[in-house]
Amino acid sequence: MAEMLTDLLNSIYGRIAQLGQAIQGLKTSLDGLNQNIEQKISNLNEKLKEFSVEIDETKGKHIEVLKEIGESTKLELIKVQEGLGLDALAALISHLEEFEKLSGEVLNQDTVNLLLSEAISSVKSMKEVSQNKK
(Lines give C-alpha, C1' and ligand atoms only; values in the text may rest on other atoms or scores of the structure.)
Protein backbone atom coordinates (compact mmCIF):
# COMPACT_ATOMS: atom_id res chain seq x y z
CA MET A 1 0.00 0.00 0.00
CA ALA A 2 2.82 2.38 0.75
CA GLU A 3 4.24 1.55 -2.61
CA MET A 4 0.94 2.42 -4.28
CA LEU A 5 0.77 5.64 -2.34
CA THR A 6 4.35 6.46 -3.36
CA ASP A 7 3.55 5.67 -7.01
CA LEU A 8 0.45 7.85 -6.79
CA LEU A 9 2.40 10.73 -5.23
CA ASN A 10 5.16 10.31 -7.85
CA SER A 11 2.51 10.36 -10.56
CA ILE A 12 0.96 13.52 -9.07
CA TYR A 13 4.37 15.18 -8.79
CA GLY A 14 5.13 14.16 -12.37
CA ARG A 15 1.90 15.71 -13.57
CA ILE A 16 2.53 18.85 -11.52
CA ALA A 17 6.01 19.05 -13.08
CA GLN A 18 4.49 18.61 -16.57
CA LEU A 19 1.88 21.25 -15.77
CA GLY A 20 4.66 23.60 -14.55
CA GLN A 21 6.60 22.99 -17.78
CA ALA A 22 3.44 23.61 -19.83
CA ILE A 23 2.76 26.82 -17.86
CA GLN A 24 6.40 27.89 -18.38
CA GLY A 25 6.05 27.15 -22.12
CA LEU A 26 2.79 29.13 -22.21
CA LYS A 27 4.46 32.05 -20.40
CA THR A 28 7.37 31.98 -22.88
CA SER A 29 4.88 31.89 -25.75
CA LEU A 30 2.86 34.79 -24.25
CA ASP A 31 6.06 36.81 -23.71
CA GLY A 32 6.98 36.25 -27.35
CA LEU A 33 3.47 37.24 -28.43
CA ASN A 34 3.60 40.42 -26.28
CA GLN A 35 7.01 41.29 -27.69
CA ASN A 36 5.71 40.71 -31.21
CA ILE A 37 2.65 42.92 -30.53
CA GLU A 38 4.86 45.67 -29.06
CA GLN A 39 7.12 45.49 -32.13
CA LYS A 40 4.11 45.74 -34.46
CA ILE A 41 2.75 48.74 -32.52
CA SER A 42 6.18 50.39 -32.57
CA ASN A 43 6.44 49.81 -36.34
CA LEU A 44 2.92 51.18 -36.83
CA ASN A 45 3.76 54.30 -34.80
CA GLU A 46 6.93 54.81 -36.83
CA LYS A 47 5.00 54.48 -40.09
CA LEU A 48 2.36 56.94 -38.84
CA LYS A 49 5.10 59.46 -37.95
CA GLU A 50 6.66 59.06 -41.41
CA PHE A 51 3.24 59.42 -43.02
CA SER A 52 2.51 62.56 -40.97
CA VAL A 53 5.85 64.11 -41.99
CA GLU A 54 5.19 63.21 -45.62
CA ILE A 55 1.72 64.79 -45.46
CA ASP A 56 3.20 68.00 -44.00
CA GLU A 57 5.90 68.15 -46.70
CA THR A 58 3.42 67.41 -49.48
CA LYS A 59 0.96 70.00 -48.15
CA GLY A 60 3.70 72.63 -48.15
CA LYS A 61 4.74 71.72 -51.68
CA HIS A 62 1.14 71.94 -52.92
CA ILE A 63 0.72 75.37 -51.34
CA GLU A 64 3.98 76.55 -52.95
CA VAL A 65 2.91 75.21 -56.35
CA LEU A 66 -0.46 76.97 -56.06
CA LYS A 67 1.29 80.24 -55.13
CA GLU A 68 3.59 79.91 -58.14
CA ILE A 69 0.61 79.22 -60.42
CA GLY A 70 -1.15 82.31 -59.02
CA GLU A 71 1.88 84.54 -59.55
CA SER A 72 2.43 83.23 -63.09
CA THR A 73 -1.24 83.75 -63.94
CA LYS A 74 -1.14 87.30 -62.58
CA LEU A 75 1.95 88.13 -64.66
CA GLU A 76 0.37 86.65 -67.79
CA LEU A 77 -2.82 88.66 -67.22
CA ILE A 78 -0.75 91.83 -66.90
CA LYS A 79 1.02 90.98 -70.18
CA VAL A 80 -2.35 90.38 -71.88
CA GLN A 81 -3.71 93.64 -70.48
CA GLU A 82 -0.67 95.55 -71.74
CA GLY A 83 -0.77 93.70 -75.08
CA LEU A 84 -4.38 94.67 -75.61
CA GLY A 85 -3.56 98.27 -74.74
CA LEU A 86 -6.13 98.41 -71.96
CA ASP A 87 -3.89 100.64 -69.86
CA ALA A 88 -3.33 103.00 -72.79
CA LEU A 89 -7.07 103.02 -73.54
CA ALA A 90 -7.87 103.92 -69.92
CA ALA A 91 -5.28 106.74 -70.05
CA LEU A 92 -6.74 108.00 -73.35
CA ILE A 93 -10.24 108.05 -71.90
CA SER A 94 -8.96 109.96 -68.87
CA HIS A 95 -7.21 112.52 -71.09
CA LEU A 96 -10.31 112.94 -73.26
CA GLU A 97 -12.40 113.57 -70.15
CA GLU A 98 -9.91 116.23 -69.01
CA PHE A 99 -9.95 117.79 -72.49
CA GLU A 100 -13.75 117.84 -72.44
CA LYS A 101 -13.72 119.59 -69.06
CA LEU A 102 -11.16 122.16 -70.23
CA SER A 103 -13.05 122.71 -73.47
CA GLY A 104 -16.24 123.30 -71.55
CA GLU A 105 -14.49 125.90 -69.40
CA VAL A 106 -12.85 127.64 -72.38
CA LEU A 107 -15.99 127.65 -74.54
CA ASN A 108 -18.41 128.95 -71.93
CA GLN A 109 -20.38 132.04 -73.03
CA ASP A 110 -18.49 134.56 -70.90
CA THR A 111 -15.10 133.40 -72.20
CA VAL A 112 -16.34 133.43 -75.82
CA ASN A 113 -17.76 136.96 -75.37
CA LEU A 114 -14.49 138.15 -73.82
CA LEU A 115 -12.43 136.62 -76.64
CA LEU A 116 -14.73 138.13 -79.30
CA SER A 117 -14.57 141.49 -77.57
CA GLU A 118 -10.75 141.37 -77.48
CA ALA A 119 -10.64 140.26 -81.13
CA ILE A 120 -12.95 143.10 -82.19
CA SER A 121 -10.93 145.56 -80.14
CA SER A 122 -7.70 144.33 -81.74
CA VAL A 123 -9.20 144.64 -85.21
CA LYS A 124 -10.34 148.19 -84.45
CA SER A 125 -6.89 149.05 -83.11
CA MET A 126 -5.22 147.64 -86.18
CA LYS A 127 -7.65 149.50 -88.41
CA GLU A 128 -6.92 152.78 -86.62
CA VAL A 129 -3.18 152.20 -86.83
CA SER A 130 -3.43 151.43 -90.50
CA GLN A 131 -5.58 154.54 -91.14
CA ASN A 132 -3.15 156.71 -89.19
CA LYS A 133 -0.28 155.52 -91.35
CA LYS A 134 -2.07 156.59 -94.49
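The values are calculated or read from the model by the stated rules, or taken from the named source; none is laboratory data. What you see is a predicted model, and the numbers here were worked out from it, not measured in a lab. Quick reminder, even Gly has a Cβ in these numbers, built from the backbone with ideal geometry, and neighbours come from all protein chains shown. Side chains are part of the model used for accessible areas, which takes the heavy atoms of the whole protein and leaves out ligands, DNA and RNA. Shrake-Rupley method; radii C 1.70, N 1.55, O 1.52, S 1.80 Å.
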Worksheet item: When the accessible area of the chain is split by element with a 1.4 Å probe, what percent falls to carbon and sulfur?
Response: 63
Worksheet item: In debye to the nearest 20, how big a dipole does region 38-85 give about its Cα centre with +1 on each Lys and Arg Cβ and -1 on each Asp and Glu Cβ?
Response: 100
Worksheet entry | For the chain: accessible area per residue (Å², 1.4 Å) | 93
Worksheet entry | Listed residue (L5, A88, I55) projecting farthest to the positive dipole end of the chain, Cβ model | A88
Practice prompt. Kindly express, to the nearest 10 degrees and within the range 0 to 90, the angle between helix 2-83's C-alpha long axis and the longest C-alpha principal axis of the chain.
Written response: 10
Item to complete: Across the chain, how many lysine pairs, 8 or more positions apart or on different chains, have C-alpha atoms separated by under 26 Å? Please give the number.
Response: 12
